[in-house]
Structure formats: C-alpha cells, structure tokens
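What follows is a short report on a single structure.
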Amino acid sequence: MSKAEKTKKYIVEVAASVFNKKGFAGTTMSDLTTATGLTKGSIYGNFTTKEEVAVEAFQYAVAKMRTEVHAAAKVSKSPLEQLMGIIDYLRTYVLNPPVPGGCVLLNTAVEADDNNPALKGHVAAELKKTVDTMAKLLHKAVAAGEIIQECEPRTLAYNIFCAIEGAVMMSRVQGSTKPMQEISNFWKEYLYSLRTKKKRP
C-alpha cells in the first residue's frame, strides 16, 4: 500500500467515527482536521468533497459491522441458529458498536433521509442487504425443515429488523440494553416457537 493509500485509509477510518457521532451536517472540515491531525489540503488531496469522505466513511463503518455480524452467524451451520447468532450480536452491539457513535445504519438513515440524497441511496442499499440476509436465512430454515413457514420469510425479516432498529434507538437514548434485551428475547422465543416437531428438543 502506497503512502497516499495509507493516508486515505486513515482519513476514512477516523472520519467514520466523527460522522457517526456528529452526523454529516454537524461535521465540519475543522472537525475532520482536528480528529485526523491533517490539514484541509491533505484531506482534499484525497477527496473532492466532504460528501465523498462521508460516503467512504459510511461504507467502511458498515463493512466493519458486517464482518462482526458474519462472524457471529458462522458460529453455527444451522440457518436458524445463524439468525439467532446475529440477534445475539446485535444485543451486545447496541452500546458497543464497532464504530463509536451507535448504529451507523440508523444514524445515517435518519439524517440522510431529508438532507443527503446521495448518502441516502447508500443507506437504502445497505438496509436492503440486511433484510435480504435475514430473509435468506429464514428461507433456508424453512427449506431445511427447521421451522414451519408461519409467514412469508421476507415479511418476517422486515418485522425482526425494524423491531431491532427501534430497540437500538431506545437503548441508545436510555443508555440501557434493556429495550434490546426485551426485543431480542421476544424474537428468539418467537422463532424457536416456529420450530418443527422434529427439530424440537
């Protein structure tokens, strides 16, 4: 990796935390220069605009989160247990995210909805990927005979994900994992209730 590539990578990694804490609108170039210890010239030498920095910082933060999510899911080969692993990960992730500031998907989505159309597109794509992942695991669980098909997997995936994101918001505001614990426990119990007789202990 060249010196220029290392500098750009460093800027993205540091900026990810700044944007996740202060938001796009609330982050100034002075915030970025202070956090990175670099000059505006150094930052603009690697990025054309603040928005470009924000997009790459968002993509970095999401990639970091997904790495941890995949690691949590791979603990089990069972599709249902993989989904449970993701829910368990999110239970601890809520107050200890890989990038300081909270859930990068939730934080960026709320702000980008009205203020940043370009960034909104990236958030929408990542939200879809998350729901797709959950829906795919539910489809596999049904196909493997782990659970009965109580409802359409994508519909169920949307309900799980939206409930979890709401719990993330409440837990962050309250500074407590209680909301997330309640929601994650509910969905784990519900999913286990869908297990077919041959899969029940």
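Residues of the chain: accessible area per residue at 1.4 Å, in Å²?
On the way: 10490 Å² over 201 residues.
For the chain, the per-residue accessible area is 52 Å².
Evaluate the relative contact order of the chain (contact order divided by residue number), counting alpha-carbon pairs under 8 angstrom at least 6 apart; express in whole percent.
20 percent.
Note down the magnitude of the dipole of the chain about its Cα centre, charges +1 on Lys and Arg C-beta and -1 on Asp and Glu C-beta and zero elsewhere, to the nearest 20 debye.
That gives the chain a dipole magnitude of about 680 debye.
List the aspartates and glutamates whose Cα sits under 20 Å from the Cα of residue 140, skipping any in the same chain fewer than 8 residues away.
Partners within reach: 81, 88, 132, 150, 152, 189.
Quick check: the angle from helix 3-26's long axis to the longest principal axis of the chain, C-alpha only, nearest 10 degrees?
So the inclination is approximately 70 degrees.
Put a dot 7 Å past each Cα toward the Cβ at residue 154 and residue 49; how far apart are the dots in nm?
3.2 nm
Give me the extension gain from residue 28 to residue 190: residue separation times 0.36 nm, minus the current Cα-Cα distance, reported in nm with one decimal. Don't jump to the answer; show the numbers that get you there.
Details: separation 162, 0.36 × 162 = 58.32 nm, distance 4.48 nm.
Roughly 53.8 nm would be gained on extension.
Contact order normalised by length for region 118-201, with contacts defined as Cα pairs under 8 Å and 6 or more residues apart; what percent is it?
Here the relative contact order equals 31 percent.
Tell me, what ³J(HN,Hα) does each residue in region 165-181 have, in order and in whole Hz, if you take phi through Karplus 6.51 cos²θ - 1.76 cosθ + 1.60 with θ = phi - 60° and put x for Gly and Pro?
Each residue of region 165-181 in turn: 5, x, 5, 4, 4, 5, 5, 5, 5, 7, x, 9, 7, 3, x, 5, 4 Hz.
For the chain, which whole percent of the accessible surface, found with a 1.4 angstrom probe, sits on carbon and sulfur atoms?
Percent of accessible area from carbon and sulfur atoms in the chain: 56.
The values are calculated or read from the model by the stated rules, or taken from the named source; none is laboratory data. Bear in mind that the values here come from a model prediction, so they are computed numbers and not experimental data. As a convention, Cβ positions derive from the backbone with ideal geometry for all residues, glycine included, and neighbour counts pool all protein chains shown. For the accessible areas, the whole protein counts, side chains as well, though only heavy atoms, and no ligand, DNA or RNA atoms are used. Shrake-Rupley method; radii C 1.70, N 1.55, O 1.52, S 1.80 Å.
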